[in-house]
Every structure is written in C-alpha cells, then in structure tokens.
1. Going 7 Å from the Cα of Ser124 toward and past its Cβ, which residues in segment 367-386 have a backbone nitrogen under 17 Å from where you end up?
2. So which trypsin sites (Lys or Arg not before Pro) in segment 382-425 pass both tests, a DSSP loop state and at most 12 other Cβ atoms within 10 Å of the Cβ?
3. Give the Rg/Rh ratio for segment 93-162, taking Rg as the radius of gyration of the Cα atoms and Rh as the Kirkwood radius, to two decimals.
Amino acid sequence: MAEPQPILAEPPAAIPSITPNGQAGQKKQQHNQNRGPPPHTIYVRPAPIRTFPLPSFYPNNPVSLFHLAYAWLGQIFSPPPAEPSAVLQGTWSPETSSVHVTDDKVIRSLWEQGFYGKGSLSRSEPNWLKREQVRRGLQETHVSEVMTAQRRDERLRAKWERARLEQELIRQTREAEQAEQMRLEAKRTPASGKPKRSTPKTRKLCAQQDFASPTGPNELLALPNSLADLAVHHNAVGKIPSVWATLPPTGPLEILALPNSAADLLARSCTEDSTDVPSLVDDQEDSDDDEETSSGQDASVSSQTKVNGTAPAVIPGLHILRARMQKSVRFSSDVGQATFGVADPPSPSQKVEDQKKSDGDNTPSDIIVNKEHLQLMPEEALWLSFGLGALVVNDPLSGRQLSTRELLALFRQHSYFPPRDGPDDLDLQPDDGFLLHYAVYHHFRSLGWVPRSGIKFGVDWLLYQRGPVFDHAEFGLVVVPSYSDPYWRTVGKSNPQKKWEWLHSIIRVLSHVMKSLVLVYVEVPPPHELEKSLDKGFASALKLYKVREVMIKRWSSNRNR
C-alpha cells in the first residue's frame, strides 16, 4: 500500500438537485443553493491524508482472496498516481499555548478533514471570512452562526409576543372589572354630586387606566432612568418634587425606590396629592369638554362637566407626562434605520463608499482580508505531527521546524502554570496534564472518534461520532490519573479523592444536554520507566499509559428502582 500523503481541501463540486416545476420548486432550489452543498460531500475524508486501502477479505468467500491478491500486486507493480505532497505548516504560540495556522487552505483542510482546531474569531468552525462576506452583501450563503442568531431573535420575539398577549388579556379583564366597579360607585354617589375622596384603590385604577405594564422594548424604554427624571415628571404635572425624587440613585435603596412600571410611576404621582385626582367614572364626555380641551386649556380646568353626578376621570398634566416619557434618539444622517439584524447587510448605496474610506487606496472593494487564524490544541498538534505526519510546527523566533521530541518537551512544560521553561524546572513528572490528556486523545482518535474540548460543559473532552457538523457529542470525558504501580505507594502518592457533590454536578450538567459521563482512568507509569522509554522513542513511552473507561449514569428514584 502506498504511503499516505497530506492533501489540501478542495471545494466540492455542486450537486444538482431535482425539484418539481413551479414556484415552490424554485424556492426550494434557491434555499438549497443558499445553504450550500450537503455536509457529507464536504466532510468526506476523516483525516488530512490520502490512503489507498486494500479490499476486504471474507473467509467464507474464496473469491475475495483473489481480489485482495490482485489489488495488492497491482499496487506493488503499478502504484497509484502520485499526488502533490503538501505538508501543513503551523507556528507555536507561547502566549496562547497553542499552534496557530494562518494559511486559508490549510485552515479549511484541517477543519473539513477531521475537525481539528478552533477559529480565533468564531465559536468553532473558522468561518469569519464567510460571515463578513454575507454581512457586506457580497455573498448569499448559509452561515451557521447567523442562523443561530436569527433563531434566538425569533424566540425572543415570540416570548415578547406571548407576554404582550398575556398582559392584554389581563388588561381586558381589569377593564371589565373596572367598568363594573364604576357602575356600582355611580349608584352609590350622593345626590349633591360632590366627588368622593380619593382612596388607594381608586388611585390604582387611575394609574391602570392610561398605562399598561411593560410588555415590550418600547414600554421598557419609556420608564425613567433615575429619580431625577421623576422630579422632572412631578414638575411637569405641577407638583412640588419630594426630597427622595431630587436625589440621584447612589445606592441600593435609591435604586430600589425607582418605580417598576409606568403604572407605578403614575400611582406615586396620585399618592402625593390625592385631591388633584378625582374619582373614576365612565369614559363618556360631552362635546363641550372636547371643545374646551382642544382650545389649549389645562385638562384639570377644562374638564369640569359632571357625568352621572361625578367628576370626569381626567388626570392633570397627563398629556405633558406622556410627552416627557417618549424618549427620542438622534441618529446620524448616514444611518438609514434604527434597528439592525445580525444577518442584515449594510445599505447597498453606502457599502462601496464606506469601504473606500476604510481602504484609502485603489484596492478593490470586494476583497476582504481574512483576519482569523486557526488555533490547534497541543494534543491536536502532536497527533497531526506524530500520529499522521501531516503537520510541521515551526519555532516562532527562529522559524526552524521542531522535532517530535522538542514538541513533546515544549507541550509538557506549558501544561503547568506557570510554564516550566527554566533549566531548574525541567523535572517533568509522568502525570503532567499533557501526557494524560494526549493518551486519552490518541486512544479515541485511533478508534475513529472526534474528540473536542469539553470545557463548555465542565469536562475534559467531548466525543463526537462523526463531527460537530453532523450531530451533537454523545459522551463527556473526565480524565482521572490512576497510580496503581507499587512505586507510587512508596512515595506516598494515591489516587485523587473526589466528593460526590462534584460527580453529581457534572452528571447533572451533562444530563441536561443529553450526554453521558465517562470517567477515563489513565495508568501512570513510574518516572524511571518513562525516561527509559523516551530514549527509545515516544511511541514506546506512549504504550506505558493504559486507558480504562467507566461510564456513569445518573441515578433517579423514578427510573432506577
């Protein structure tokens, strides 16, 4: 079999999709074009190498033996056509303790052929350049992060709409109860027609008549920002501001004293002077009241008409308060709208001008420099360099290529904090973080799994069956060192002791995201055996680390009886 060679990713050919005739078929075809080719056509190769495997041999089928011999002899006498060998290049970064890859083709190759690394400006997949092109309107395609932001925005709008409908239902119920109460109060009104004294209940109804609870962004923006704004509101309605309203919020008590809603604000205004707010009556007004109000007189003076023997429900200075609570924001003349979505491109008329201003030269406006690089974890870099031979890591100062032994020493030193890079700190132990984690990474990569960093869920590794593009991770791994060799008992070192609260918290987190916890025990060899094996090579030293897997499930009294 021919020796595997590293290859670079090539853009897959577009697969034509067969859709029925009509407008629906055209929309579906356009939607598929925006999303791009299917994932299984992009992520075909599981590693950045090209191999030529032999056919399978079946003992119960003698013909397969001849097929195997024919293929083997064919590769010996007529090897496969030679392909350009491309060794991937990376640079070690001591600041981030990772290997940086800046070539665009190498970045796509490492991601599409094994899901290695993480984009420095992305969540995982290095697609900053693609997102920037979509944002500027230069390309129409599917971007996962943009779609995620759109789905979150839609869910947020649905929650606001649901809250608005609930508040609307509550408001209608309160209006019905208010109308019934006003009808009963109108029957109990004295014959003299004098207005009754304001009560807390009537003041609350007064506040709820014209204002609703904040059920959206506009209502939240209408609330005052400080107690100083409340003083302005009080002056607007013709009241003397109280002492607490003139002080800015400088502590928790002042912040808690702010009203929670516009109804609370109006209720406080009614509370300070109950004589200014008459009792609530029916909303009927005569034509004389409309004429007096439209003439510009104050509402408290203009609306003196009695309905059913009581004063009308008019709040003094309410129109001034409403005008004051409407916040205005000034935008530049170049801004076309006030709100922008994540996936919305800028204005087409300003796109070229803004790019020319930012460039300041004759560079074409549709050329975007990729500012993102790929970050490889030390375990991923050593696997690509030692396990596959597809990556070369260069020194950031001299630019020379680092050997496997130098990479191993460098990664082990940076597994401690602070890094042990001095001549007196080279006493590296067999149980350092890098050797334990790389043994686990090498083990599962050899079995065909795709390990990724699991710090998001409080574990060491996440295991994907095919990759993060196809499905979610199935298992969360926690690496636990095991000191079962007699040497460790002589030096007084034992296995780490964890409390059950620690284990229960990790299981609780993983169970909420439909993942199973796996404790991976790694047998730590003695130091003298490790040093002897390292002299022979890293492959012999890696054989000393044995891996045991223990799956733990959450115990539930309802399910496990």
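1. 374-377, 380
2. Answer in residue order: Arg400.
3. Numbers: Rg = 15.8 Å, Rh = 14.3 Å.
Looking at segment 93-162, the ratio lands at 1.11.
Just so you know, all these numbers are worked out from the coordinates, no wet-lab data involved. Everything quoted here is computed from the prediction, not taken from an experiment. Backbone-built Cβ (ideal geometry, glycine too); neighbour counts: all protein chains shown.
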